[in-house]
Structure formats: structure tokens, C-alpha cells
Amino acid sequence: MCQVEEEYHGPLQREELPSVSKQCMKCKEAGAAVVIRAGDAYCRGCFKEYFIHKFRAMLGKNRLIFPGEKVLLAVSGGPSSCSMLSQVQEGLSQNAHKKLRFLPGIVYIDEGGAVGQSVEDRRRTVDQLQAVFRATGFPFLVVPLEQVLDLPSSVVLSAPGAPEWKAGAYKAAVDHFLLSDGSSGVTAQQQQETPPLEVQEAHTHSLQRLLGSARTLTAREELLNTLRQHLLVHTARSAGYSKVMLGDSCTRLAVKLLSSISLGRGAQLAHDTGFSDSRYGDIILVRPMRDYSAKEIAYYNRMFSVPSVFTAGLETKTADKSSIQRLTESFVTKLQADFPSTVSTIYRTSEKLQSCKSLASAGGDRCLLCVCALDTAAENASAFSATLISEQLSQTQSPEQSRPAPEAPPPASQCCSAVGGEACGNRGGGCCSSAEASEPPPLRSLLCYSCQLTIKDLSSEEVLPHYILSEAQRRLRRSQLREEIRDFLLEDEADEG
Ligand SMILES: [Zn+2]
Ligand SMILES: [Zn+2]
């Protein structure tokens with residue numbers, strides 16, 4: 001397990017292509033067909049076995065997906081999510097004791113409108129994907145991203161989680177499932193044909209105006225990711241699914257981990273990159289492909305003819321430095337080529353992360369966009385308060401430079417930013433005094449640090465979808481009301497006791 005040694009030998013072994021002379025490290029009989037890492041040479045059969053085992057092991061280790069549970073597979077058409085789809089098929093076709101026992105369905109979010117594809121191109125892509133989906137026999141949904149404009153506000157609220165989180169619940173569910181002979185029900189799902197999608201041109205225009213209002217590609221990508229996730233969660237909820245499987249590979253997650261840090265999403269890292277993501281409460285997002293590198297997936301898909309469909313994204317054909325996400329991706333790709341073991345080290349870090357307990361247990365409001373616990377009220381030593389201080393400093397750049405630096409401001413939720421438009425009663429107390437001219441727009445007070453940065457890059461907040469704006473109104477009205485009646489409220493009883 002010496003990583004230094006691995007790095008030193010890396011370049012040597014990269015030149016060593018699999019050949020007939022090299023043997024499979026597993027069965028020591030057949031010739032190697034694929035070399036995943038230096039020293040890991042597999043024959044075709046053993047590679048397949050290893051790949052399939054890894055998927056089952058990931059699900060088995062985490063014990064989150066219950067037998068008979070409806071699981072929605074989010075398939076983008078890319079190699080990784082298509083590989084995930086084929087693994088689920090594989091798992092369902094296994095003999096009894098190894099068989100996966102959940103009920104899969106597929107969802108494809110058609111983002112063609114967001115990236116300016118023509119109606120014909122979108123239709124062609126959807127046709128190709130539908131052929132792939134039909135072949136699986138699973139029910140599937142094709143949802144145009146435009147539908148995000150019609151979502152209800154409930155999507156940005158965290159619903160109470162399912163009661164099945166207790167220890168031992170998984171085993172009980174399996175036993176119950178086996179007793180009730182549930183195994184016969186797994187394949188009984190009917191595949192329904194969804195009617196071909198009709199997208200109104202006006203909706204596509206609104207979506208494009210929304211994404212176009214982002215002044216940077218970084219913000220545009222963040223916004224698109226957020227909208228996509230909202231639509232996925234809503235689709236799962238309305239179709240009765242309780243888990244959503246995402247196809248993020250280990251390479252993808254390494255990129256996400258590093259770019260999330262750069263984007264100020266440190267507090268949300270565990271949610272953004274972990275195996276399971278419970279921020280939405282009743283709908284859990286899971287990432288069963290997180291142990292596979294992009295390279296492994298590419299090999300597997302090619303050797304076992306797993307179909308995938310190319311779909312253009314925002315980043316397609318953009319330069320390395322066009323966005324933080326794109327730059328991180330090119331960095332990780334180059335890192336992978338020169339130092340193969342470091343990428344998995346980055347990714348392993350994500351396994352050890354836990355969400356900020358102090359934030360999660362606070363039970364307060366969640367970010368209006370990413371639905372994570374608000375990190376803006378954390379403590380004074382956060383990147384958020386550092387930014388606030390430096391903003392204040394740059395504003396107070398005046399001849400009287402000798403002034404001492406202002407104190408760290410109180411958490412945003414206690415200050416004027418929480419009150420819609422109204423100046424807070426704290427005017428003399430230093431909080432609002434320096435920020436009179438540039439009082440932050442009220443909507444920003446409802447966002448985590450990172451989402452505030454994204455919204456700051458929009459030319460207007462008015463272009464945000466109705467479900468976000470109306471929920472913002474509701475929260476601002478509520479906190480304003482709370483502020484108004486604050487003097488009449490009883491003190492926290494915990495303090496008195
Ligand atoms: Zn072998
Ligand atoms: Zn957020």
C-alpha cells in the first residue's frame with residue numbers, strides 16, 4: 001500500500017500495455033485483457049466479476065436500500081449512469097441469494113433547452129435513450145428541464161424522513177421481504193410508455209433567460225445543478241420513489257469535492273459527495289458508482305457493450321479556465337494521468353467527511369437553493385464572516401484609514417439582513433451603520449454562503465423560478481413577523497430553568 005512507490009512506478013507501468021504474455025492476477029490462467037491500475041491486470045471474465053461485485057458490495061455495505069423499495073435511477077446518458085443502469089439490470093437477473101431486491105425506475109432529465117439544442121436534436125437524443133430504457137424493461141420517465149419552472153415550493157423544503165432509519169430496521173425488512181415471498185414482485189413492474197414530451201417554446205425561453213442571467217459559467221453551472229436536483233427530487237416524490245440513484249463516479253466526485261471547496265461549500269461537502277445525501281428528508285440521494293473510476297467504467301462499457309448516449313452540457317467545448325468546475329476537472333484529469341493514486345486519495349477523503357453536526361442539529365432554516373443547513377450563522381471564524389469583514393473594510397476605505405477593523409458582524413440571521421427591506425433596530429449597534437448604502441438584498445439572507453455567491457452573479461433575482469421566489473417571500477414575511485412580535489415572546493425557557 002505504499003503510495004509513494006506507486007507514484008514512482010506509475011509512468012513505467014503506463015507504457016506496459018496488456019498483452020497475451022501478461023496474466024490475469026485473479027485466476028492466474030487467462031491472459032490479461034485490462035489493466036486498471038499498475039499491477040491490477042484482469043482477464044475479461046474476472047474483470048466482469050470484479051466490477052459486478054463492487055456494485056453489490058457498495059449497496060450491501062451501506063444497507064440503505066430496502067427490499068421492495070422503489071428506487072429511481074437518474075440516467076443522463078453518460079457512461080457512468082448508463083453503467084449504473086446495466087449494473088442494476090445485472091443485479092436483478094442474478095440468482096436468488098445474490099439478487100438485488102428493489103424496484104427500479106429510470107428518469108432522464110432532458111437539458112437540451114438549457115444548452116440551446118434544437119427541438120430536432122433533443123428529440124433525436126430522447127429517441128436514442130428511450131430505446132436503451134425500453135430494452136431494460138424498467139418503467140422510465142423523460143422529463144424536460146423546462147418543467148422545473150412549474151415546481152411547487154415544497155421542493156425546497158426538507159420533508160420529515162422515513163421512520164426506517166433505526167438500527168436493525170434493514171435486517172427486519174429483509175426478513176419480512178423473504179417471508180412474504182416478495183422476490184416474485186420485483187420484476188412485476190409494468191413498463192409504461194410515457195407520451196412524447198411536449199415543451200412549450202415560451203418555457204424554453206424562460207429557462208434560457210434564467211440561465212443566461214448568470215454572468216459567469218461557474219454560477220450558471222451551479223444554478224443548473226440546483227435546478228436539476230430539484231426536478232429529480234420532485235419527480236421522485238410525485239412518482240412514489242424514496243431513493244434516487246446518481247451515477248457519480250469516483251473521478252467525478254474528486255472533481256466535485258475540490259470544486260465544492262473552491263465554491264465555498266465546505267459545510268455541505270458531506271452531502272454533496274457522500275454515499276448518501278439526506279438533505280431532502282423523505283427522498284435520499286445515493287451514489288453507488290462512487291467506487292469506480294471513469295477509466296474502469298469506460299473499459300467495462302466497451303468490453304460488455306453497455307450503450308451510452310452523448311448529450312451536450314454547459315461545459316461542452318469550453319476552455320479549461322472558463323469556470324471553476326471546468327478548471328478543477330482539467331486539473332483532476334491531468335493529475336489522474338500523471339499520478340493515478342492521488343485521485344482516489346482525494347475521493348477517499350470524501351468518505352470520511354461528516355456534515356457539520358452543530359449546523360444540522362440547530363434545526364433552523366435551510367438554504368433556499370441547495371436545501372442544506374445554513375452555514376452563515378455558524379461562527380465568527382468562517383469564510384462567510386471573513387468575506388463580510390473584507391467587504392466592510394473595502395467599503396470603509398476612506399482617508400481615516402487608522403480606524404480599527406470592525407468587529408466580526410453578528411450572524412446574518414440576527415441582523416438586518418433577515419428582515420425584508422426594513423432597517424433593523426440595531427442601527428446604532430454597529431451592524432447596519434456601515435452598510436447603509438449596500439444593504440444585502442433580502443433574498444440572500446435565506447441562502448448558504450456558496451449559494452449567495454451564485455446569486456450574486458445573476459444579473460437579476462427576478463428571473464428565478466416562481467417556486468423559489470414565492471418560498472422566499474413566505475420565509476421573509478415570517479421572519480419579519482417574528483421580528484415584530486419579538487418583544488411579546490417569552491424568553492427561552494431553557495435559560496430560566
Ligand atoms: Zn482471470
Ligand atoms: Zn445553498
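Coordinate-derived values only; no laboratory data. Source: prediction; values computed, not measured. Don't worry about glycine lacking a Cβ; one is built from the backbone with ideal geometry, like all the others, and counts go over all protein chains shown.
Using a Förster radius of 51 Å, what is the FRET efficiency between Leu469 and Met303 based on their Cβ-Cβ separation? Nearest 0.05, please.
Details: r = 49 Å, r/R0 = 0.96.
After rounding, the FRET efficiency stands at 0.55.
Report the gain in length on full extension from Arg63 to Lys22: 0.36 nm times residue separation, minus Cα-Cα distance, nm rounded to one decimal.
Working: separation 41, 0.36 × 41 = 14.76 nm, distance 3.76 nm.
Taking Arg63 through Lys22 to full extension adds about 11.0 nm, to one decimal.
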Starting with the fewest neighbours, write out Asp375, Asp338 ranked by other beta-carbon atoms found within 10 Å of each beta-carbon. Asp338, Asp375
Gain in length, Leu489 to Arg124, computed as 0.36 nm per residue apart minus the alpha-carbon separation, to one decimal in nm? 125.4 nm
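Quick one: net charge of Tyr241's neighbours, Cβ under 9 Å, K/R +1, D/E -1? Mind dumping the intermediate values first?
Values: positive: Lys70, Arg237, Lys243; negative: Glu69.
Summing Lys and Arg as +1 and Asp and Glu as -1 gives +2.
In what sequence do Phe138, Phe304, Phe47 fall when counting other Cβ within 10 Å, fewest first? Mind dumping the intermediate values first?
Numbers: Phe138 21, Phe304 14, Phe47 24.
Fewest-to-most ranking of Phe138, Phe304, Phe47: Phe304, Phe138, Phe47.
May I ask you to compute the full-extension gain from Asp282 to Leu335, defined as 0.36 nm times their residue separation minus their alpha-carbon distance, rounded to one decimal in nm? Numbers along the way, then the final one.
Numbers: separation 53, 0.36 × 53 = 19.08 nm, distance 3.76 nm.
Contour length minus Cα-Cα distance gives 15.3 nm.
Are any of the pairs Lys61/Lys99; Lys22/Lys98; Lys26/Lys243; Lys99/Lys256 more than 25 Å apart by Cα-Cα distance, and if so, which? Each step should come with its number before you reach the end.
Working: Lys61/Lys99 15 Å; Lys22/Lys98 32 Å; Lys26/Lys243 35 Å; Lys99/Lys256 32 Å.
Among Lys61/Lys99; Lys22/Lys98; Lys26/Lys243; Lys99/Lys256, the Cα-Cα distance tops 25 Å for Lys22/Lys98; Lys26/Lys243; Lys99/Lys256.
Rounded to the nearest 0.05, what FRET efficiency do Asp175 and Glu49 have when you use their Cβ-Cβ distance and R0 = 41 Å?
On the way: r = 28 Å, r/R0 = 0.69.
That gives a FRET efficiency of 0.90.
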Sorted by chain and number, the residues with a modelled amide H under 5 Å from that of Leu73, at a separation of 5 or more or across chains, are Gly105, Ile106, Val107, Met245
Ranked from fewest to most other Cβ atoms within 10 Å of their own Cβ, Tyr347, Tyr299, Tyr292 fall in the order Tyr299, Tyr347, Tyr292
Long-range HN-HN contacts of Gln23 with modeled amide H, under 5 Å: Ala32
